[in-house]
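The values are calculated or read from the model by the stated rules, or taken from the named source; none is laboratory data. Please read these numbers as outputs of a predicted model, since none were measured by experiment. Don't worry about glycine lacking a Cβ; one is built from the backbone with ideal geometry, like all the others, and counts go over all protein chains shown.
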Amino acid sequence: MSAHQITFRILRFKPGRIDPPRYQDFAVSLAPDMTVLDGLEQIRLDQDSSLMYRRCCHHASCGTCACTVNGTAALACTTRIADLEGEVVTLEPLDNHACIGDLVVDMRSFFREMDARWSNVLPCKDATPDRTPQGVDQLMRLENCIECGCCVAVCPVTSSGVAFMGPAVLAAVSNEMRNRPAHRKILAQIAAQPNGVAMCRRHLACSRVCPSKVYPARHIADLQRAGRLPNQSGMAPPTSKKKSLD
C-alpha cells in the first residue's frame, strides 16, 4: 500500500445512466487512521459529487454505511484502510439487496419481517448508582443490532433466492422472547414458520461479519431449541406477526 495514495475501485450503477453496472477507479489521498468512509467522502467532495452511498453517525451506531469491502460485508465508517491488504479497495453494494444506485441498496425487504412494536431498548445491566443521574430510576440502552444488513448480505440461504426470514429478523425474535417472556410461545411459533429457523444451514457467516457482535447464529440456535418446547397454548402458528402480539 502506498504511503500517500490508494485506489478506490467502486462498482457504479445508476438506472438509465450508468447501466449496466461498471467499476470506476478513484485515487484517494491517505491520512493516518483513515476509514473507507473517509475515502468515500473525499471522492464525493473532490472528484465526483454524484457518488451515491449512505452515512450518518460515522461511529458504527446507525449501520447505514454498510457495503461490500474487498468482498466482505462491513461498515465503511469503521473499516480502516490501513487494515486492508493491497493498494486497491474494491467497493460494491451489499449482496442480497436490490441496488438503488452505486453503494445504496433498498432495505425494504430487510425490514419487511420486522414488527415495529418489538423492543429496541433494554435495561442497562451494568448501571451503577454513581452512573445514574439523579431522578432517573433506571438507565436504558439500545439493542446491539444496528440493522445494517451485513448478516443478510452474506447469508448463503438468502443468496439462494428462497424466501428466508433472515438472520437479523430471527435474532430480533430471539431477543424479543427474552424481553417479553409472556409472549415466548407465540414468538417461537413465528420463528417456526416455513421461512424461519428451519431454513438456516448453520453457515455462521452472519455472526462472523456482524459489526455489533450480535452473533445471529447463536440466536437462531436458541430459537431452534425453543421450538422443541411443547405447545401448551394449543394455538396454531400465526399468519401475521402483528396480530399474534395483540
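For this structure, a couple of remarks:
One line per residue, one yes/no per condition, for (1) in contact with a Ser or Thr (Cβ under 8 Å, 6 or more places away or on another chain); (2) in a strand (DSSP E or B); (3) under 24 Å from Val169 (Cα atoms):
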| position | (1), (2), (3) |
| --- | --- |
| Arg22 | no, yes, no |
| Ser61 | no, no, yes |
| Thr78 | yes, no, yes |
| Glu85 | no, no, no |
| Ser109 | no, no, yes |
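- Residue within region 35-52 that is assigned by TED's automatic domain parsing to the domain that holds Thr90 and in a strand (DSSP E or B) present: yes
Yes/no matrix, rows are residues, columns are (1) surrounded by 18 or more Cβ atoms within 10 Å (Cβ to Cβ); (2) in contact with a Gly (Cβ under 8 Å, 6 or more places away or on another chain):
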position	(1), (2)
Arg9	no, no
Lys14	no, yes
Gln24	no, no
Leu45	no, no
Asp48	no, no
Gly63	yes, yes
Val69	yes, no
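- Yes/no for His59 being on the phi < 0 side of the Ramachandran plot, in contact with an Asp or Glu (Cβ under 7 Å, 6 or more places away or on another chain) and in contact (Cβ under 8 Å) with a residue 12 or more places away in the chain: no
- In region 197-214, the residues that are out of contact with any Leu (no Cβ under 9 Å at 6 or more places or on another chain) and either hydroxyl-bearing (Ser, Thr, Tyr) or assigned to a loop (DSSP other than H, G, I, E, B) (or both): Arg201, Arg202, His203, Leu204, Ser207, Cys210, Ser212, Lys213, Val214
- Number of positions in region 2-17 that are in contact (Cβ under 8 Å) with a residue 40 or more places away in the chain and out of contact with any Ser or Thr (no Cβ under 7 Å at 6 or more places or on another chain): 10
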